[in-house]
Amino acid sequence: MTRHALVPVLFAGIMAAILADTPRCDATNHHVQLDEVMAGCGGDPHIQFVELLFPQGQNLWGNGCAELAIFDANGTQTAVFPFLHNVPNDSLPEGNSALIATQAFAALPGAPRPDFIIPPFVAAPGGKVCFRGSRCFLINICLSYGPFRGDAEGAGGPAPALPILGATSVQRFQRFEDPGLGTGSQFNSDFRLGAPAPRNDEGTAGIVVESGGTCHVAPPPPPCSVTDIGSATVVSLNGTTQGASNVLGGSCGGADAPEQVFLYTAPRSGSYAIDTRGSTLDTVLYVLDGSCRGTELACDHGSVNGESGVVVTLTAGQQIAVVVDGAGQASGQFALNVTAPEPRCGNGVLEAGEECDDGNTIDGDCCSQVCRFEPSGGPCADDGDPCTTDRCDGSGTCEHASCGGCLTCDLRVGCVEKPAQGCALAMPRSASLRLTNFPADGKDRLVWHWKAQAPVPKADFGDPLHATDYRLCVYDDGPALRLQAAAPAGGVCAGARCWTKTPAGFDYEDTALTPDGLLSVRLNGAPVPAKSTITVAGKGPRLGVPSLSLRTPLTVQLRKSDGNACWQARYSEVHVSPSGARLTAKSD
């Protein structure tokens with residue numbers, strides 16, 4: 001078994017350089033699904049695994065085609081694990097799995113052999129796990145869970161928190177076997193807590209069990225025959241258990257009698273009534289989560305004329321195995337009835353036809369009185385902080401965004417257009433500024449070159465490849481914001497990745513000049529001040545170059561969206577051409 005070491009985020013650039021000359025792989029990997037994550041067992045945070053699902057032809061992850069990225073509860077990337085080889089493309093009838101697990105998991109009695117070994121870097125109780133690819137196909141599918149406060153990357157609110165006590169994982173219960181599965185079709189709401197059920201690429205599987213603080217992997221229960229009864233709001237059917245197999249048993253009985261199993265998919269969220277009224281068989285009725293191997297949700301042995309009944313709470317799209325069994329060794333005729341809840345806006349349960357349901361029918365909380373998302377940018381509850389903007393995100397969440405872009409917090413009045421405090425300063429007379437403003441805006445230009453007064457660690461630049469936005473801000477004496485231009489994180493610019501990693505930092509290039517006219521950004525960190533440099537260039541009408549009759553001193557800052565690092569130069573004197581079309585300056 002090959003053991004793969006974690007490549008820390010700090011050295012991810014080295015690994016990218018090593019892989020730069022390897023051939024481009026052919027697989028797209030865009031149909032891969034995150035399936036299950038366990039962060040610990042029996043109180044031991046070293047027992048971890050991540051399981052991925054993938055269809056045929058989506059297995060070429062090596063040569064830099066794919067990686068696993070790990071984030072803490074604050075949304076900070078803490079580790080990245082590049083897949084150094086492909087996962088086998090076995091043709092299993094139940095689909096392909098890849099088991100990525102720690103050595104502590106691999107050492108559990110009965111554990112399936114991991115396909116990849118990773119260090120114990122999965123965060124608990126909150127965090128995010130992403131499967132990413134860039135060289136072969138741009139893909140970034142993520143699962144965030146627990147008290148996660150970072151960017152969910154379009155996957156919605158976090159899945160439940162991951163405990164490390166007992167034996168629990170967060171696992172997918174909604175699967176998309178259609179061609180639409182993969183990036184953009186996976187959501188945190190597709191996951192819930194359950195008994196860990198790891199499976200490797202060979203199809204070897206088991207159930208993680210904890211007893212007295214000790215964990216092991218037990219064999220999976222034997223397969224059962226299941227009849228799919230669909231997702232109607234009312235189901236009534238008749239059948240018999242005579243001649244059926246005796247594989248299952250519930251906590252309230254049925255272990256010695258044959259049973260029939262029915263797969264039902266909840267059409268909406270809420271409480272479901274399931275019963276065996278009309279049966280002549282003395283029934284035992286139990287409900288299992290997802291399949292006949294799932295966790296038992298409810299069990300009842302009929303006490304009145306052999307009829308049984310349970311009520312279970314399900315989420316829309318959740319699948320359950322409804323088992324009609326017999327008391328003792330009995331078999332015979334039975335009736336099965338399933339009744340879904342009536343849809344109702346304002347009951348706090350997300351149901352078919354609703355985008356949200358926050359338990360009320362009032363507007364102004366990002367979920368409207370008719371259970372639809374309120375528009376992005378709409379007002380919501382004030383958090384009392386003058387330096388946050390309280391706005392709906394268009395997906396039902398009230399966001400309290402701190403002053404961003406070129407705004408700075410003033411506790412008296414809130415977010416104002418003035419320079420930030422504490423930015424790294426330029427070496428005296430070593431930061432140049434050049435602006436041009438012609439009647440034809442297509443000829444407008446901006447070039448800012450900055451040289452550090454103190455060393456700039458590469459880590460200060462954050463992660464513009466995935467998360468860190470940049471913005472250049474020009475203020476005159478007032479202070480008044482006269483120009484701002486953004487270089488957003490990630491993205492594709494003119495058909496190529498906008499940001500690339502360099503040995504000293506990061507480069508940004510966008511010949512399409514979107515969104516604000518920036519053409520390039522060069523971020524170079526170094527332990528020697530004079531070698532730490534930043535260059536920003538832009539052109540065209542999107543820059544919005546103002547009249548060059550600016551009040552001095554000017555302040556130019558490059559600011560980023562996460563962390564406190566920023567970079568500044570001050571210009572007490574500027575030189576404007578007689579035509580007023582060109583401005584040049586050297587920093588103080």
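The number of residues in the stretch 19-48 that are in a loop (DSSP other than H, G, I, E, B) and modelled with pLDDT of 85 or more comes to 9. Out of the residues in the stretch 399-442 that are touching a residue at least 40 places away in the same chain (Cβ under 8 Å) and charged (D, E, K, R), state the one that is nearest to P529 (Cα to Cα). Ranking the candidates gives R429 first. Looking at this structure, is T283 of a type in the set (S, T, N, Q), over 30 Å from the mean Cα position of the chain (by Cα) and surrounded by 19 or more Cβ atoms within 10 Å (Cβ to Cβ)? Here the answer is yes, as T283 does meet what is asked. What pairs come out if I take residues in the stretch 485-498 that are closer than 12 Å to S134 by Cβ and pair them with residues that are outside any strand (DSSP E or B) and among the hydroxyl-bearing types (S, T, Y) whose C-beta lies under 7 Å away, six or more apart or interchain? Sorted first by the residue in the stretch 485-498, then by its partner, the pairs are R497/S134.
Which condition from (1) part of a loop (DSSP other than H, G, I, E, B); (2) without any contact (Cβ under 8 Å) to a residue 60 or more places away in the chain is the one that I164 breaks? Going through (1) part of a loop (DSSP other than H, G, I, E, B); (2) without any contact (Cβ under 8 Å) to a residue 60 or more places away in the chain one by one, I164 breaks only (2).
Check whether at least one residue in the stretch 507-516 is assigned to a strand (DSSP E or B) and out of contact with any strand residue (DSSP E or B) (no Cβ under 7 Å at 6 or more places or on another chain), and report yes or no. No, there is no match, as no residue in the stretch 507-516 is assigned to a strand (DSSP E or B) and out of contact with any strand residue (DSSP E or B) (no Cβ under 7 Å at 6 or more places or on another chain). Does N246 qualify as being more than 34 Å from the chain's Cα centre (by Cα) and under 17 Å from L288 (Cα atoms)? Considered against the rule, which asks whether it is more than 34 Å from the chain's Cα centre (by Cα) and under 17 Å from L288 (Cα atoms), N246 comes out as yes.
Among the residues of the stretch 544-577, the ones that are among the aromatic types (F, W, Y) and over 21 Å from S402 (Cα atoms) come to 1 in all.
In this entry, E351 passes the filter for residues that are touching a residue at least 60 places away in the same chain (Cβ under 8 Å), closer than 22 Å to I229 by Cα and buried (at least 18 other Cβ atoms within 10 Å of the Cβ). Here is a list: T276, T283. Which entry is in contact with a strand residue (DSSP E or B) (Cβ under 8 Å, 6 or more places away or on another chain), hydroxyl-bearing (S, T, Y), under 30 Å from V209 (Cβ atoms) and in contact (Cβ under 8 Å) with a residue 24 or more places away in the chain? Only one candidate qualifies: T283. If the condition is being at positive phi, surrounded by fewer than 17 Cβ atoms within 10 Å (Cβ to Cβ) and within 24 Å of the chain's Cα centre (by Cα), then the stretch 374-398 contributes G377, G394.
Contact map, the stretch 381-394: residues that are over 22 Å from A155 (Cα atoms) paired with residues that are part of a loop (DSSP other than H, G, I, E, B) and modelled with pLDDT of 90 or more, Cβ distance under 7 Å, separation 6+ or inter-chain. Pairs shown: A381/D365. Across the stretch 49-81, the number of residues qualifying as at pLDDT below 85 and in contact with a helix residue (DSSP H, G or I) (Cβ under 7 Å, 6 or more places away or on another chain) comes to 2.
The single condition among (1) in a loop (DSSP other than H, G, I, E, B); (2) in contact with a Cys (Cβ under 9 Å, 6 or more places away or on another chain) that V545 does not meet is (2). Looking only at residues of the stretch 220-231 that are in a loop (DSSP other than H, G, I, E, B) and at pLDDT 90 or above, we find that the one that is nearest to P341 (Cα to Cα) is S231.
For the stretch 33-48, check the following and say yes or no: at least one residue is within 22 Å of N188 (Cα to Cα), among the polar types (S, T, N, Q), crowded, with 20+ Cβ neighbours inside 10 Å and over 13 Å from the mean Cα position of the chain (by Cα). Yes. The residues in the stretch 181-200 that are modelled with pLDDT of 90 or more and assigned to a loop (DSSP other than H, G, I, E, B) can be counted, and the count is 4. Against the numbered list (1) under 39 Å from the mean Cα position of the chain (by Cα); (2) surrounded by 15 or more Cβ atoms within 10 Å (Cβ to Cβ); (3) part of a loop (DSSP other than H, G, I, E, B), L297 comes up short only at (3).
The residues listed here are C403, C371; of these, the one that is in contact with a Cys (Cβ under 7 Å, 6 or more places away or on another chain) and at pLDDT below 90 is C403. Looking across the stretch 316-343, just one residue is under 12 Å from L263 (Cβ atoms) and part of a loop (DSSP other than H, G, I, E, B), and that is Q318. Taking the numbered list (1) under 30 Å from G42 (Cβ atoms); (2) acidic (D, E); (3) loosely packed, with under 15 Cβ neighbours inside 10 Å in turn, D228 passes all entries but (1). Picking from residues in the stretch 553-567 that are among the polar types (S, T, N, Q) and modelled with pLDDT of 95 or more, the one that is surrounded by the most Cβ atoms within 10 Å (Cβ to Cβ) is Q557. As a summary of the residue check, A266 satisfies the conditions (1) assigned by TED's automatic domain parsing to the domain that holds V322; (2) surrounded by fewer than 15 Cβ atoms within 10 Å (Cβ to Cβ) except for the one numbered (2). For the stretch 107-135, filtered to residues that are in contact with a strand residue (DSSP E or B) (Cβ under 6 Å, 6 or more places away or on another chain) and assigned to a strand (DSSP E or B), the residue that is surrounded by the fewest Cβ atoms within 10 Å (Cβ to Cβ) is R132.
Each row is one residue, and each column tells you yes or no for (1) more than 17 Å from S430 (Cα to Cα); (2) under 33 Å from the mean Cα position of the chain (by Cα).
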position: C498; (1), (2): yes, yes
position: G517; (1), (2): yes, yes
position: S532; (1), (2): no, no
position: L548; (1), (2): yes, no
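The values are calculated or read from the model by the stated rules, or taken from the named source; none is laboratory data. What you are looking at is a predicted structure, and each value in this text was computed from that prediction instead of being measured. So basically every Cβ, Gly included, is an ideal-geometry build from the backbone, and we count neighbours across all protein chains shown.
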